[in-house]
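One structure is given below, encoded as structure tokens.
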Amino acid sequence: MTTALPKSELSNLSEPSEFSAFLQETAGLTKRLFIQLQRRPTTLIAGVIQPLMWLVLFGALFQNAPTGFFGPEVRYGQFLGAGVIVFTAFSGALNAGLPVMFDREFGFLNRLLVAPLTSRFSIVVASALYITTLSLIQTIAILLVSSALGAGLPTTTGLLLVLAIVLLLVLGVTALSLGLAFSLPGHIELIAAIFITNLPLLFASTALAPLDFMPTWLQWLASLNPLSYAIEPIRFLYLHNSWQWSDVALAAPFGEISIGGCLAILTGFCVTALLLIQPALKRSLS
């Protein structure tokens, strides 16, 4: 004779199975994206080569800049490395919505939406994991090449913080890109939004030039740009072997921002981006 389990115990048994199913779905969808990458590896190859070309060519272009222009005993290669790392991660994350958009247009997303998934948010999580992995590969490649070119490397703790900063930026921008992918009518509009956003945010940041080199109006724009709050702490870690959370990383027109402050602002940006896309995701995945 069998004894029925109480409802509370049944719910406890179902929760782990639902979570494991969610992980299995996410792993399967992520694997699909990497299989696509394996079949078309030029995406990754170009994504690694392009920032390295920026690093070499821009470093050579400004190698004869006046001593002290970028700071005391700072070479432009050291100055540029942080900007290339952040802008590469930003560009990759900004393109995160394209695979989802193409899935929409080719009808594959509709097949996923009618499939018996435990949670349709596994589609979003898989895209985020895929883009994050590519961004980390690009970051490691840039770190190694910039070190070979004489820019050096941050300390071990500094490297971990660099990866954490890149991760926060990538998650926030990936969320916005996926939100656009579910909101815009087609890939033409998404590509247009990427083009409009990409270069202006690069030049309105501290990626290529120090803040005090800019006109006042551009200093304000750069100080409001999330990219600057990722670039400046990474640059500080490149140039200082010893550091504290209270060390000033960005001297903005409205005040000095510490390394900890930059990290807090990036965290706020990431959380805000995730909250902003919730209505679009619920509307599209329901």
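Computed from the coordinates by the stated procedures, all read-outs in this text should not be read as laboratory data. Quick caveat, the model's predicted, so the values are computed rather than measured. So basically every Cβ, Gly included, is an ideal-geometry build from the backbone, and we count neighbours across all protein chains shown.
Structure notes:
- Normalised convex hull volume, region 184-286, alpha-carbon set, Å³ per residue: 131
- Averaging Cα coordinates gives a centre for region 236-286 and one for region 72-143; these two points are 18 Å apart.
- Straightening the chain between THR267 and ALA192 buys 24.3 nm, computed as 0.36 nm per residue apart minus the Cα-Cα spacing.
- Within the listed set ARG75, ARG111, ARG32, the residue fluctuating most in the Gaussian network model of the chain (springs between alpha-carbon atoms under 10 angstrom) is ARG111.
- Full extension of the chain between THR156 and TRP217 gives 18.3 nm of extra length, using 0.36 nm per residue less the Cα-Cα distance.
- Radius, Kirkwood style, for the chain when every pair of distinct Cα atoms is counted (Å): 20.6
- Put simply, when 270-279, 132-141 are sorted by average Cβ atoms within 10 angstrom per residue, most first, you get 132-141, 270-279.
- Projected label distance in nm at MET53 and LEU199, using a 7 Å step from Cα toward the beta-carbon: 1.5
- Under-5 Å amide H pairs with ALA252, H placed in peptide plane, nonlocal only: ILE257
- Under the span-like rule (Cα at least 30 Å along the axis, Kyte-Doolittle mean at least 1.6), DSSP H helices of the chain: 121-148, 156-183
- Here the Kirkwood formula, the inverse mean of 1/r across different C-alpha pairs, assigns region 115-173 a hydrodynamic radius of 13.2 Å.
- For the chain, calculated [θ]222 nm from helices alone, where every DSSP H run of n ≥ 4 adds -39500 (n - 2.57): -25000 deg cm²/dmol
- Share of alpha-carbon pairs per 10 Å distance bin for region 147-206, given as whole %: 18, 33, 29, 16, 4
- Value of relative contact order over the chain, rounded to a whole percent, pairs C-alpha under 8 Å and six or more apart: 22
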